[in-house]
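Shown next, in structure tokens, is the structure this report addresses.
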Amino acid sequence: VRQLMKQRRPPGFPPGPSPIPVIGNIMSLATEPHVFLKKQSEIHGQIFSLDLGGILTVVLTGYDCIRECLYNQGDVFADRPSLPLFQKMTKMGGLLNCKYGKGWIEHRKLACNSFRYFGSGQRQFERKISEECMFFVDAIDEHKGKPFNPKHLVTNAVSNITNLIIFGQRFTYDDRNFQHMIEIFSENVELAVSGWALLYNAFPWIEYVPFGKHQKLFRNAAEVYDFLLEVINGFSQGRVPHAPRHYVDAYLDELEQNKGEPGSSFSQENLIYSVGELIIAGTETTTNTLRWAMLYMTLYPNIQERVHREIDSVLENGRVPTMEDKQKMPYVEAVLHEILRFCNIVPLGIFRATTQEAKVNGYTIPKGTMVITNLYSVHMDEKYWTDPGVFSPQRFLDSNGNFVKREAFLPFSMGKRCCLGEQLARMEMFLFFTTLLQRFHLQFPPGTVPTVTPKLGMTLQPQPYSICAVRRQQKS
Ligand code: HEM
């Protein structure tokens with residue numbers, strides 16, 4: 001009976017599809033949830049509700065509605081839902097899934113400062129990314145134009161940039177332990193939105209059901225945390241207090257400084273959680289973006305050719321790209337933006353929750369309600385985009401070929417919990433993409449054309465594909 005009571009929509013709550021008894025609308029998230037939810041909004045409106053097995057959820061659709069909530073009412077929509085799965089994984093601590101409050105403020109501030117201090121704020125940092133770009137293209141060269149799946153190399157190269165900030169060091173491309181950790185961690189990103197995970201949130205007692213994907217999720221998480229603890233201990237060896245070499249050192253400084261302070265959120269446990277979250281949030285997303293970019297350049301040889309031409313004309317004599325070159329490469333910028341818009345790396349953002357009762361479009365949403373931001377619907381919003389279903393970098397250029405920013409573009413979301421790695425991700429995407437296409441022509445192995453249907457999960461990634469990276473003769 002309690003379950004049924006919870007399912008009823010409170011007065012003033014946004015409408016939505018009728019729930020099936022007990023499991024509610026859980027099945028609606030089974031296949032391509034972002035597409036399904038956008039279609040539902042055509043029936044129920046920009047703001048509507050779902051019942052995920054007794055967990056009342058509000059779905060926000062389109063740019064106007066998402067901006068109203070995440071930006072205009074930033075504080076109200078800044079929480080994360082206290083779902084049993086997140087409680088079990090990170091006890092609502094860490095950074096990414098932390099409750100909105102002192103703990104989140106402390107962890108976000110430390111991460112942002114560290115990213116600046118050990119990352120973009122450092123003059124040498126760009127050079128370090130360029131070095132990684134070289135390791136990356138050299139490793140690709142070893143395939144000598146023969147077909148290979150670029151996933152592992154991209155993942156390794158991209159995660160090394162975050163590793164530099166967090167541990168002060170990169171991992172080599174043959175480090176099996178690190179690769180295995182990333183692999184099972186990203187498997188968890190997929191499992192986190194599987195039917196099993198949703199069921200677990202609605203019915204946490206299935207923890208005691210000995211089979212099912214949720215068990216795999218827990219096993220993976222335990223293994224990842226063990227690995228991270230070991231690595232953290234390794235890289236904190238030789239630490240000199242107040243002279244941090246990387247994020248882990250900086251965290252340990254805070255931890256020591258706040259020892260005995262009641263209510264301090266810094267702890268060994270939260271250190272492991274935030275290191276894990278920073279690694280996976282930075283790796284999954286940026287890797288997927290670059291893998292989509294490689295796939296689309298191969299699918300659209302004329303676009304690839306224009307990218308080649310721009311790169312060759314700006315990078316005279318094949319010199320290494322720098323961030324200063326970005327403004328001279330509006331077409332590359334347009335391509336990368338269109339990849340982020342069209343491929344929807346994080347289609348439903350990261351689940352949010354209300355910190356207090358909210359009023360939106362005449363509806364009332366109680367405190368603690370789970371909120372899904374359909375970022376895919378922003379990028380397909382017909383009010384802001386013409387033919388949103390067409391892949392066209394051109395839409396980010398004016399008639400003179402200059403890059404133009406577009407408003408309804410939220411791959412990094414917006415408001416208080418917006419992506420804190422946006423700047424870093426943009427640097428990585430630009431430098432990796434231009435270095436790669438400066439050296440190679442990308443083509444499919446003869447007779448093959450991979451699908452563009454994404455693999456589903458918290459993030460969208462291409463299905464595994466093989467590609468030939470053929471060295472090109474630079475025309476200058
Ligand atoms: C949050 C996208 C790269 C760290 C997010 C969110 C999105 C997103 C949509 C959810 C924000 C919300 O709750 O509304 C992306 C994309 C990336 C990218 C598309 C690359 C193309 C990175 C990188 C890092 C990072 C490189 C760090 C190394 C985080 C963190 C959060 C976050 C820590 C949680 C912020 C919080 O809860 O306060 N990202 N991200 N992301 N991202 Fe990213």
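The values are calculated or read from the model by the stated rules, or taken from the named source; none is laboratory data. In this text, all values refer to a predicted model and were calculated from it rather than measured experimentally. All Cβ positions, even for glycine, are placed from backbone atoms using ideal geometry, and neighbour counts span all protein chains on display.
Some values worked out for this structure:
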| read-out | value |
| --- | --- |
| Total residues in segment 18-45, condition at pLDDT 90 or above, under 15 Å from Leu348 (Cβ atoms) and not hydroxyl-bearing (Ser, Thr, Tyr) | 8 |
| Any hit, segment 279-287, residues being in contact (Cβ under 8 Å) with a residue 12 or more places away in the chain, closer than 16 Å to Phe430 by Cα and in a loop (DSSP other than H, G, I, E, B) | no |
| Residue satisfying all of: in segment 400-454; within 16 Å of the ligand (Cβ to nearest atom) and of a type in the set (D, E, K, R); surrounded by the most Cβ atoms within 10 Å (Cβ to Cβ) among these | Glu428 |
| Flag if Ile339 is free of Cβ contacts under 8 Å to residues at least 60 places away in the same chain, buried (at least 23 other Cβ atoms within 10 Å of the Cβ) and either more than 14 Å from the ligand (Cβ to nearest atom) or closer than 30 Å to Lys38 by Cα (or both) | yes |
| Selected residue (only one of Val209, Val240, Val275, Val193 is aliphatic (A, V, I, L, M) and buried (at least 21 other Cβ atoms within 10 Å of the Cβ)) | Val275 |
| Answer residue from segment 387-416, given it is within 22 Å of the chain's Cα centre (by Cα) and aliphatic (A, V, I, L, M) and is nearest to Gln73 (Cα to Cα) among those | Met414 |
| Pairs where the first residue, in segment 388-417, is closer than 27 Å to Phe351 by Cβ and at pLDDT 95 or above and the second is of a type in the set (Phe, Trp, Tyr) and within 16 Å of the ligand (Cβ to nearest atom), C-beta under 6 Å, 6+ apart | Ala408/Tyr63; Met414/Tyr71; Gly415/Tyr71 |
| Candidate set: segment 49-100, residues that are of a type in the set (Lys, Arg) and not in a loop (DSSP other than H, G, I, E, B); chosen: the one nearest to the chain's Cα centre (by Cα) | Arg67 |
| Selection within segment 142-182 - over 14 Å from Asn288 (Cβ atoms), β-branched (Val, Ile, Thr) and within 16 Å of the ligand (Cβ to nearest atom) | Ile161, Thr162, Ile165, Ile166 |
| Unmet criterion (only one of (1) under 30 Å from Gly318 (Cα atoms); (2) within 15 Å of the ligand (Cβ to nearest atom); (3) assigned to a loop (DSSP other than H, G, I, E, B)) for Lys128 | (3) |
| Gly74, sole failed condition from (1) within 22 Å of Thr364 (Cα to Cα); (2) buried (at least 21 other Cβ atoms within 10 Å of the Cβ) | (2) |
| The one condition in (1) farther than 19 Å from Ile161 by Cα; (2) at pLDDT 95 or above; (3) out of contact with any His (no Cβ under 8 Å at 6 or more places or on another chain) that Gln304 fails to fulfil | (3) |
| Close pairs from segment 344-363: first within 14 Å of Val59 (Cα to Cα), partner hydrophobic (A, V, I, L, M, F, W, C) and surrounded by fewer than 16 Cβ atoms within 10 Å (Cβ to Cβ), Cβ under 9 Å, at least 6 apart | Pro347/Val35 |
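This table checks each residue for (1) surrounded by 21 or more Cβ atoms within 10 Å (Cβ to Cβ); (2) free of Cβ contacts under 8 Å to residues at least 60 places away in the same chain; (3) away from the ligand (no atom under 12 Å from the Cβ).
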| site | (1), (2), (3) |
| --- | --- |
| Pro17 | no, yes, yes |
| Ile55 | no, no, yes |
| Ile66 | yes, no, no |
| Leu70 | yes, no, no |
| Pro81 | yes, no, no |
| Gln87 | no, yes, yes |
| Ile105 | no, yes, no |
| Asn113 | no, no, yes |
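Listed here are the residues, each with its yes/no results for (1) under 22 Å from Lys91 (Cα atoms); (2) free of Cβ contacts under 8 Å to residues at least 12 places away in the same chain; (3) not aliphatic (A, V, I, L, M).
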site: His214; (1), (2), (3): yes, no, yes
site: Leu217; (1), (2), (3): yes, no, no
site: Asn220; (1), (2), (3): yes, no, yes
site: Asp226; (1), (2), (3): yes, yes, yes
site: Gly238; (1), (2), (3): no, yes, yes
site: Arg245; (1), (2), (3): no, no, yes
site: Tyr251; (1), (2), (3): yes, no, yes
site: Gln257; (1), (2), (3): no, yes, yes
